[in-house]
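**Q** My questions will all concern the structure given below.
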Amino acid sequence: MVKRLAHEHRSGTPTMLFSAAALQVRACVRTVWRGTGHGVRWSPCGRVASQRLSWSVPRRRHSGPLCTHSASATPPSSGETLRAPGSTENVRASDGMAAESAAPAGTGTRTTAKTNVETRPRGAVGANGTGALTFQEAILRLQIYWAERGCLLWRPYNAEVGAGTMNPATFLRALGPEPWNVAYEEPSVRPDDSRYGENPNRIQQHTQFQVILKPAPPNSQELLLGSYAALGIDIDAHDIRFVEDNWESPALGAWGLGYEVWMDGCEITQYTYFQQVGGFSLDPIALEITYGMERILMTVQGKSHFKDILYAPGITYGEVFLQNEIEMSRYNLEEADVERQRHLFDLSEAEARELLQKRLPIPAYHYVLRTSHTFNILDARGAVGVAERAAYFRRMRSLAREVAALWLERRAELCFPLGQQPAIVAASAAPTSHANEAVHTEQVQRDAADTVAAPGRQTSGEGATLLIEIGTEELPPADLDAAVEQLREHLLQLLHSSRLLPDAGRVKVHVRATPRRHAILVEGVAHKQPDQWTQIRGPPSRVAIDAQTGKLTAVGQAFAQRHQIRNWEAETERKATKQGEYIFLNRTIQGQRALPLLHERLVDSVLAKIQFRRSMRWNESGVLYSRPVRWLLAMLDDQVIPVAFGGVVSAPVTWGLRASGIAPQLPVSHAQLYDRVLERANIVAEVSAREQSILRQANALALQQDGVIYDPERTMLHEVARLIESPQVLLGSFDEAYLALPSPVLITVMQKHQRYFPIEASGSMSTSTEQDSNDLRLRNAFVIVANGRLRNADLVRRGNEAVIQARFADAKFFYEADLKRPLASFVPKLEGLIFEERLGSMLDKTRRIEALVPFVVDALAQRHYRHHEDAGVPAPVPSPCDSPVDTASPRMRAQSPTPDWEQVRQVATEAAALCKADLATQLVVEFTSLAGIMGEHYARKQGYRDDVARALFEIVLPRSAGDQVPRTPAGVALALSDRMDSLVGLFGIGLAPKANSDPFGLRRAALGVVQILCRGAFDGVELSALAEAAAAVYAKQHMSIREETLADLLDFMDKRFEQWLLDPDSSLPALDVARGADQSQASATGLHVSAVRAVLQCHRRRPARAYRVLQQLYPLMAEERFRDAVTCYLRPARLVRGQPDLDGSVDPALFQDQVEVALWEALRRGGFDADQPPFTNDDVLGMVQALRTLRPSVDAFLDGVMVMVDEPALRRNRLNLCARIARIPASVLDMEQLQGWF
């Protein structure tokens, strides 16, 4: 047995570390699993039709040590370990879990409430008596925990896999209808993570503990938290979070939604609801729980390096595995023969395909895994180019899909031996499960019929309070905002359409939202619809009533019978219409009570309409939602509205904060008491209240450090407030030595990776959205926002401090490694970084940018580049790598209004060769948001000139709609070239954005181009010229871009430009409608749209010019002179509309009236007798003044003569006079768009 077990674990655990006690425990668990065949029935085809497992498996825990180094122990009997579900002594798993977590570590023995069996608590103290839970003991505890809950104990796979997901026990068994519940450890090998054992947190072979629950039980989160308690983790003493994680494996055709599970800021588990595997949608849904064992043990044992983990009593992880790490790192990164690995990939693929032909999915999948590992080695060796990478992925994905399809076929041929019915049902009465999930829809319908048929309660006339709360597993922040907004919108639409809001002015709507609930409270809802009087048109009177007898005809009788008319004279009347006299039935329709009406319409009209960017299924209900729905609260005053959604039914309860892994039920007796119930449970249900609480507490802590929290855009506050329900703010610190790292690195780690608030030194000069790298700008402290009342705040603080120290250590490791190499040496590595398969690598993109930059510089130079001060825009903003003293340097104080364009070309060309180099640096690979920032930093460190370094940062600007734009000509040239290359290339291969998909960020790229041109005041630069130049560069790489494609691209950019101009982020002057205080917002918006379109009609392809025209136009539109100008234009313009043959030629000899002469003289004085107007095409003020001056002459002309006379020559001459006037604004804006507003 020892040899067999050692063989099973040869890739992860040495034989010498498994004691006899460990073997006996595992043997016992396997014996128990086999059992006596209870719950198994055989189908006619000789297979197991179903195997009923239960999450309420009863058990008693062994009171002796789980594992010792040398001593033996007697295994527990099967009777002490498990009982059949039919036993009268059943104990729910959730009950046991509650008992497990009830006592803290080290409290001695205790008695469970259900079994009265004395057990040793599974505290942090290991069974070895050393005071620490060892690595191998943690594995054994998880095995026992999940075996007791019905999981089969599987084996690690006998070949290298990158993750536990790739083990056939997950990849294959997740497919198909068979229930499957399994737990196993999996040594996971990732060659690219090879670090020779030097990095404290990154190793090429780490250990995962994998659990698959199929179908996913409704109390899965509670089961996970119970497993932490089994590891001796006091979950009440730690801050445990479920943080959004959307998992995807394109090579395996698999994806799912779920969470990273954090403990005190450290990710210790991944938790994913698989939606597809091998390209096949799953039914039932499988839940994957993946424990990162090294991270968990480092956290539990308080270690800062994986080498120091106590693996077994007296033996560290490093003593067992460090040599393996060093030698395998050398192999993976240095010694693996590339050609032999390529050959191995081909051989493995060929073997897999042959096995597929022979219909052997399991051996075929083995060789799919071989191809995957071989690819990973090639990738670690830097031997995979762009085209090869895409081809390798296609080959692996194709194999994985074929294996999945064949596996499903083979299981179907075997009649699905494990059955096709869901086999796992969480105990509905268990305190850890959401009890209302177990109620069947039929019962809900019966209860609903009783409830809605009951007579209404006596109520006051003040209106009822309606409460709708949807309880879920933790929603991502963006999805929470979307859910609550849609819930509010759809609910109010339902109430309005149902006539349940009779007095809209007295209605109050309250929004409540936390990660686990989104709710709407509506006060002032009618208890009953108002009665509605209506008229039903019947047949013509002459047809319905006999003219001679006055009695009803057969038609009249049919109408009366159909509408159940009892008193014809009282209920009907004759009424004259345009078609003649008709019979009309007068009816008063009794209003329906609100409760049955909401019962009937709430789900279809409200709940089912809520949609998300990515949705998932989790149970047999088939409902799609962002995350699983776990409870539903729907009440009208004190009455429950009986509805079912997502597998749960409404009940008068909500759920509180988890305590010992269990969320308590909180009864809600009346909708108006909802807020009070949550407040008493320490839940802050209003988002704005949480934001204010966080801000108040965080600022107070920052002040203690003589600083302020750094969150200039309030994005962190927005996100963090949506990650917690009860904010508790702590102050953490880190080693001051890490302040030597560039501050953008520190900020990125704290904000984007850990959701901490950095603390900025008070009085530091911050003029950009990014901090610079000045050593004194940040304090070596940060603010943590935990969730719920913390029993041990110091423990949580220390945990978060350990996490940030480790992350900073990683960043320092990468940073120092990057500085050892010249920045230019990273450029060749871009060959291995894909941009898009058909467009090549990032190196190919870099070469295209180099080729495009000279043209863009020439375009900027020839098209009237205006300096920012001349254009009326703010002075340049320092980049993140400028120090405070740099802001006072001559370079920052002023740039030359007339740049030396030859020098700009040289700078831009030099920077273009390096513009993507930082993407290959270790720090940017780890922290992708630092692209551009680190390019500039490394360039400065290595002695590149300032303007070259600055351009390397400015190429990424703007990163969002409100971000800064490049402020140097070289930076502008790089940023435009980069974006135009992406836009033209991706449109050229048919990857234009779709309505709900823009994977390459082309909308952002198009917006960036117009922002750069507008804010930089590059007046004459045309979008069409930039697009054609980029297409010419592609042509040199033998890729032709069609004219139709360029036209589509330009139309796309036009629309983005128009949308941006209508957005407040455009920073255009406020538009004053100036037509009276009674103007509605809709009118103001309409005028705004008309003004933008009037300008774009003339300057659509020249964004900077259009922007400046609007800057001048908006203030003028509120003035009387603009009204005069519009009126002067519109009167003659209406006359010439639809007269395309007018050329503006005027013959003074044909004048017959003095007003004609006067108008012609006025035109000549203004210079409008020539073909070109006397002002430039962006001179709005000149155009307005010219039209205003002409208005008296125009009015006199149009009032004094008949333009449309019969004589053709005279009519044409007068129309040409009008045409001259109508053409005056043509080069500035299209005034036709403004008609109706003035």
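The values are calculated or read from the model by the stated rules, or taken from the named source; none is laboratory data. Owing to the predicted nature of the structure, the values given are computational and were not obtained by experimental measurement. When we count neighbours, we look across all protein chains shown, and the Cβ atoms used for this are built from the backbone with ideal geometry, even at glycine. Surface areas here come from the heavy atoms of the whole protein model, side chains and all, with no ligands, DNA or RNA. Shrake-Rupley method; radii C 1.70, N 1.55, O 1.52, S 1.80 Å.
**Q** Of all residues in region 1023-1040, how many are at pLDDT below 90 and surrounded by 15 or more Cβ atoms within 10 Å (Cβ to Cβ)?
**A** Selection size over region 1023-1040: 1.
**Q** Working carefully through the options A554, A526, find the one that is exposed (fewer than 12 other Cβ atoms within 10 Å of the Cβ) and hydrophobic (A, V, I, L, M, F, W, C). Walk me through how you get there before you give the answer.
**A** Values: A526 fails: exposed (fewer than 12 other Cβ atoms within 10 Å of the Cβ).
One residue alone meets the criteria, A554.
**Q** Test each condition in (1) modelled with pLDDT under 95; (2) polar (S, T, N, Q); (3) closer than 20 Å to Q143 by Cβ for N201 and report the one that comes out false.
**A** With (1) modelled with pLDDT under 95; (2) polar (S, T, N, Q); (3) closer than 20 Å to Q143 by Cβ applied to N201, the lone miss is (3).
**Q** Suppose the filter is outside any loop (DSSP other than H, G, I, E, B) and open to solvent by less than 50 Å² (accessible area, probe 1.4 Å); does V1194 pass it?
**A** Numbers: outside any loop (DSSP other than H, G, I, E, B): yes; open to solvent by less than 50 Å² (accessible area, probe 1.4 Å): yes.
Yes, satisfied.
**Q** Next question. Take R1003 and tell me if it is open to solvent by 40 Å² or more (accessible area, probe 1.4 Å) and touching a Pro at 6+ places or on another chain (Cβ under 6 Å).
**A** Details: open to solvent by 40 Å² or more (accessible area, probe 1.4 Å): yes; touching a Pro at 6+ places or on another chain (Cβ under 6 Å): yes.
It is true that R1003 is open to solvent by 40 Å² or more (accessible area, probe 1.4 Å) and touching a Pro at 6+ places or on another chain (Cβ under 6 Å).
**Q** I've got another one for you. Among the listed residues A286, A254, A230, A216, identify the single one that is touching a helix residue (DSSP H, G or I) at 6+ places or on another chain (Cβ under 7 Å) and at negative phi.
**A** Details: A286 fails: touching a helix residue (DSSP H, G or I) at 6+ places or on another chain (Cβ under 7 Å); A254 fails: touching a helix residue (DSSP H, G or I) at 6+ places or on another chain (Cβ under 7 Å); A216 fails: touching a helix residue (DSSP H, G or I) at 6+ places or on another chain (Cβ under 7 Å).
One residue alone meets the criteria, A230.
**Q** Here's something else I'd like to know. Kindly provide the set of residues from region 557-575 that are over 26 Å from R499 (Cβ atoms) and open to solvent by 90 Å² or more (accessible area, probe 1.4 Å), ordered by number.
**A** Listed by number, the residues that qualify are Q557, Q561, R566, E569, R574.
**Q** All but one of (1) surrounded by fewer than 20 Cβ atoms within 10 Å (Cβ to Cβ); (2) within 21 Å of the chain's Cα centre (by Cα); (3) of a type in the set (S, T, N, Q) hold for T514; which doesn't?
**A** (1)
**Q** What is the one condition in (1) within 22 Å of the chain's Cα centre (by Cα); (2) at pLDDT below 90; (3) crowded, with 21+ Cβ neighbours inside 10 Å that Y271 does not satisfy?
**A** That leaves (2) as the condition not met.
**Q** Would you be able to say whether some residue in region 321-334 is in a loop (DSSP other than H, G, I, E, B) and surrounded by fewer than 18 Cβ atoms within 10 Å (Cβ to Cβ)?
**A** Our first condition is that a residue be in a loop (DSSP other than H, G, I, E, B); within region 321-334, this holds for none.
Looking through region 321-334, none of the residues is in a loop (DSSP other than H, G, I, E, B) and surrounded by fewer than 18 Cβ atoms within 10 Å (Cβ to Cβ).
**Q** For region 792-826, what are the residues that are in contact with a Leu (Cβ under 7 Å, 6 or more places away or on another chain) and under 27 Å from R848 (Cα atoms)?
**A** Answer for region 792-826, where residues must be in contact with a Leu (Cβ under 7 Å, 6 or more places away or on another chain) and under 27 Å from R848 (Cα atoms): D818, L823, A824.
**Q** Give the residues of region 464-506 that are closer than 20 Å to N246 by Cα, open to solvent by less than 30 Å² (accessible area, probe 1.4 Å) and not aliphatic (A, V, I, L, M), sorted by residue number.
**A** Taking region 464-506 and keeping what is closer than 20 Å to N246 by Cα, we get 472-483.
Now narrow it down to the ones that are open to solvent by less than 30 Å² (accessible area, probe 1.4 Å): 472-477, 479-480, 483.
Across region 464-506, the qualifying residues are T472, E473, E474, P476, P477, D479.
**Q** Let me ask something additional. Identify all residues within region 835-867 that are under 30 Å from E198 (Cβ atoms) and either surrounded by fewer than 19 Cβ atoms within 10 Å (Cβ to Cβ) or not aliphatic (A, V, I, L, M) (or both); write none if there are none. Give the derivation first.
**A** Restricting attention to region 835-867, the residues satisfying the condition of being under 30 Å from E198 (Cβ atoms) are 841-843.
Across region 835-867, the qualifying residue is only S841.
**Q** Among the listed residues L974, L1049, L1068, which satisfies the condition of being outside the structural domain of F835 (by the TED database) and in contact (Cβ under 8 Å) with a residue 12 or more places away in the chain?
**A** Details: L974 fails: outside the structural domain of F835 (by the TED database); L1049 fails: outside the structural domain of F835 (by the TED database).
Selected residue: L1068, the only one of L974, L1049, L1068 that is outside the structural domain of F835 (by the TED database) and in contact (Cβ under 8 Å) with a residue 12 or more places away in the chain.
**Q** Another question about this same structure. Tell me whether region 1117-1128 contains one or more residues that are part of a helix (DSSP H, G or I) and among the β-branched types (V, I, T).
**A** Residues of region 1117-1128 that are part of a helix (DSSP H, G or I), as a first pass: 1120-1128.
Checking the rest, the ones that are also among the β-branched types (V, I, T) come to 1126-1127.
Yes.
**Q** Sticking with this structure for a sec: Do you know which of the residues in region 671-696 that are among the polar types (S, T, N, Q) and closer than 10 Å to A721 by Cα is most open to solvent (accessible area, probe 1.4 Å)? I'd like the intermediate steps shown before the answer.
**A** The initial filter retains those residues of region 671-696 that are among the polar types (S, T, N, Q), namely 672, 682, 688, 692-693.
Filter once more, so that each one left must be closer than 10 Å to A721 by Cα: 688, 692-693.
Numbers: S688: 49, Q692: 117, S693: 21 Å².
If we take residues in region 671-696 being among the polar types (S, T, N, Q) and closer than 10 Å to A721 by Cα, then Q692 is most open to solvent (accessible area, probe 1.4 Å).
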